[in-house]
Amino acid sequence: MERRAFKQAYFAVRNEESALDIVQDAMLKLADKYAANPGEELPMLFQRILQNTIRDYYRRQKVRNTWTTLLSALTPSHAEEDFDPLETLQPADGSNDKNTPYEQLDRMQLVGLIEKEITALPPRQREAFLLRYWEELDVAQTAEAMGCSEGSVKTHCSRATHTLAAALKAKGIES
């Protein structure tokens, strides 16, 4: 049963370590919650627990990838190990003195809207867009970081910029 469960988890996540963790978590949940159940019920219960554990893995990965992508966009490539990307959000002394509160609010709302639209992009488009335009990597560096071809990077970036432009235009924002 364990070998079949491992294969099932591995084909779902394509990562040996993650698959082993998923199977282990599923077995622990089965033992913890259903130890008193009759033995003939356990295989079906285990399959249900395994499927739910795989779904949980994907949910956690989605949230983790979203935050990792967003925060990595704030981290320069030459950053030290203890670099805090949130510190980059603090304005420099006197940098907002010339802006009225209305302009500051308007800029904050625009940035919030753009961030919302970026998070709505498909994961590969969002990753390519952030690496190319926020991290300022060239096409070759972006392709290497994403593990894909330069043509794929160009396609993902093009689709992302068109999607963002259309979404912002629909909200009345044009360049």
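For Asp56 and Ala36, the FRET efficiency from 1/(1 + (r/R0)^6), where r spans their Cβ atoms and R0 equals 30 Å, is about 0.80.
Note the full-extension length gain between Glu103 and Thr119 as 0.36 nm times their separation in residues minus their Cα-Cα distance, in nm to one decimal.
Details: separation 16, 0.36 × 16 = 5.76 nm, distance 2.43 nm.
Length gained, Glu103 through Thr119: 3.3 nm.
Listed by chain and number, the lysines placed with their C-alpha closer than 30 angstrom to that of Lys7 are Lys29, Lys33, Lys62; residues fewer than eight positions away on the same chain are left out. 3J(HN,Hα) couplings calculated from phi for the stretch 155-168 with the Karplus curve 6.51 cos²θ - 1.76 cosθ + 1.60 (θ = phi - 60°) are, in sequence order, 5, 4, 5, 4, 5, 5, 5, 5, 5, 5, 4, 5, 5, 5 Hz; Gly and Pro show x.
For a Förster distance of 45 Å, can you work out the FRET efficiency between the beta-carbons of Ala140 and Leu28, rounded to the nearest 0.05? Write down the numbers at each step before the final one.
On the way: r = 45 Å, r/R0 = 0.99.
It comes out at approximately 0.50.
Readers should treat all values here as calculations from the given coordinates under stated rules, not as data from a laboratory. It should be emphasised that the depicted structure is a prediction, and the values quoted were computed from it without experimental measurement. Using ideal geometry, Cβ is built from the backbone for each residue, glycine included, and neighbour counts are taken over all protein chains shown.
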